[in-house]
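S.K.: Structure below; questions to follow.
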Amino acid sequence: MEKFTAPRHLLTRRRLLQLSGMSSMGLLLSSCGTQLLSESVGSLTEPLNLKVGELLLKPQTPVPEFPLSAIQPQALLINTYDFTPQIDPVKFRLVIDGEVNQPMQLSMADIQKLPLTSMVIRHVCVEGWAAIVQWGGVRLQDLLNLVQPKSQVRYAYFQSADNYYESWDIASVLHPQTLLAYQKNGQPLSADNGAPLRLAAPIKLGYKQSKWVTRITLTSNLSSKKGYWIDQGYEWFGGI
Ligand SMILES: Nc1nc2c(c(=O)[nH]1)N[C@H]1C(S)=C(S)[C@@H](COP(=O)(O)O)O[C@H]1N2
Ligand SMILES: [Mo]
């Protein structure tokens, strides 16, 4: 079990220097995946190979949220492809590893010490339904600041307790409204909705939003296994 220390600031100066090691060399244009990455950081005029450091330094534009009165409590359907894992929240540990300086295993108590972010957003499932939901949880950005991703990191893998898996581009992972949620509509998350931790973000379709996340692995390379549905033909980026 790694020692856990809550961040005093989002980024210390030393951390900024570590992360932005590339910046003095200028931003080199890369040739792959440029269209989607540049769209996801909000403008086609942005440098095309934004890396972790630059993404943390240059916050992305938030998606407009809904008022609490817009929540549709009945509209969020349970969509689970196989079975519902029952996870003991006391024994649970979230593993964050891969190309990071400080791999960690965090308990729910550790995670709930971090700032709680709440947002009311629309969940969109490709099967033809949508629901306005309030999610509460921790920003993935805050978690990644703790583990100190290496500058070459471009993707995150999310492993779930039901053997579901997903991979996201790092710009979407570091988006200010990308949460690991432990509350839904002001209540603790239920097992059906992904307790103890699930992804929630207004920038991705429902199938990208892994429930029962147990492990986050940061990497500079995607393997041929990209996601449970993606490997069966769904689009990888899955943006809204
Ligand atoms: N681990 C896991 N995550 C998952 C799924 C799943 O079957 N297993 N289904 C996905 C799909 S298609 C959708 S629409 C949402 C549904 O979330 P909900 O069941 O909380 O409404 O979860 C996503 N995350
Ligand atoms: Mo879905």
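The values are calculated or read from the model by the stated rules, or taken from the named source; none is laboratory data. Predicted model, so just to flag it, every value in this text is computed and none were measured. Heads up, the Cβs are rebuilt from the backbone with ideal geometry, glycines too, and the neighbour counts pull from every protein chain shown.
S.K.: Which of the following residues is within 16 Å of ligand 2 (Cβ to nearest atom) and over 22 Å from Asp82 (Cα atoms): Ile230, Ile132? Spell out the reasoning first.
M.R.: On the way: Ile230 fails: over 22 Å from Asp82 (Cα atoms).
Residue meeting the stated conditions: Ile132.
S.K.: What number goes with the only condition from (1) in contact with a Phe, Trp or Tyr (Cβ under 7 Å, 6 or more places away or on another chain); (2) away from ligand 2 (no atom under 16 Å from the Cβ) that Asn145 does not pass?
M.R.: (1)
S.K.: Determine which member of the set Gly53, Gly42 is surrounded by 13 or more Cβ atoms within 10 Å (Cβ to Cβ), on the phi > 0 side of the Ramachandran plot and at pLDDT below 95. Give the derivation first.
M.R.: Values: Gly53 fails: on the phi > 0 side of the Ramachandran plot.
The match here is Gly42.
S.K.: In the list Ala171, Ala131, Ala156, which residue meets the criterion of being closer than 24 Å to Gly98 by Cβ, within 16 Å of ligand 1 (Cβ to nearest atom) and not hydroxyl-bearing (Ser, Thr, Tyr)?
M.R.: Residue meeting the stated conditions: Ala156.
S.K.: Right, next: Could you please let me know if Tyr165 is on the phi < 0 side of the Ramachandran plot, within 16 Å of ligand 2 (Cβ to nearest atom) and touching a residue at least 60 places away in the same chain (Cβ under 8 Å)?
M.R.: Working: on the phi < 0 side of the Ramachandran plot: yes; within 16 Å of ligand 2 (Cβ to nearest atom): yes; touching a residue at least 60 places away in the same chain (Cβ under 8 Å): yes.
Considered against the rule, which asks whether it is on the phi < 0 side of the Ramachandran plot, within 16 Å of ligand 2 (Cβ to nearest atom) and touching a residue at least 60 places away in the same chain (Cβ under 8 Å), Tyr165 comes out as yes.
S.K.: If you don't mind, there's one more thing I want to ask. Out of segment 228-240, which residues are crowded, with 17+ Cβ neighbours inside 10 Å and at negative phi?
M.R.: Answer for segment 228-240, where residues must be crowded, with 17+ Cβ neighbours inside 10 Å and at negative phi: Tyr228, Trp229, Ile230, Trp236, Phe237.
S.K.: Restricting attention to segment 55-87, which residues are closer than 29 Å to Arg154 by Cβ and of a type in the set (S, T, N, Q)?
M.R.: Gln60, Thr61, Asn79
S.K.: Can you pull out every residue in segment 72-96 that is buried (at least 17 other Cβ atoms within 10 Å of the Cβ) and assigned to a strand (DSSP E or B)?
M.R.: Leu94, Ile96
S.K.: Given the condition among the aromatic types (Phe, Trp, Tyr) and in contact with a Leu (Cβ under 8 Å, 6 or more places away or on another chain), answer yes or no: does some residue in segment 215-237 qualify?
M.R.: Step one: of segment 215-237, the residues among the aromatic types (Phe, Trp, Tyr) are 228-229, 234, 236-237.
Still in the running and in contact with a Leu (Cβ under 8 Å, 6 or more places away or on another chain): 237.
Within segment 215-237, one or more residues are among the aromatic types (Phe, Trp, Tyr) and in contact with a Leu (Cβ under 8 Å, 6 or more places away or on another chain).
S.K.: Return the pairs, sorted by first residue and then second, in which the second residue is of a type in the set (Val, Ile, Thr) and modelled with pLDDT under 95, the first residue lies in segment 202-226 and is within 17 Å of Gln134 (Cα to Cα), the beta carbons are less than 7 Å apart, and the residues are 6+ apart or on different chains.
M.R.: If the second residue must be of a type in the set (Val, Ile, Thr) and modelled with pLDDT under 95, the pairs left are Pro202/Ile240; Ile203/Ile240; Lys204/Ile240; Leu205/Ile240.
S.K.: Consider Ser190 against the criteria (1) surrounded by fewer than 20 Cβ atoms within 10 Å (Cβ to Cβ); (2) in a loop (DSSP other than H, G, I, E, B); (3) more than 10 Å from ligand 1 (Cβ to nearest atom): it satisfies all of them except one. Which criterion is unmet?
M.R.: Tallying (1) surrounded by fewer than 20 Cβ atoms within 10 Å (Cβ to Cβ); (2) in a loop (DSSP other than H, G, I, E, B); (3) more than 10 Å from ligand 1 (Cβ to nearest atom), Ser190 fails exactly one: (3).
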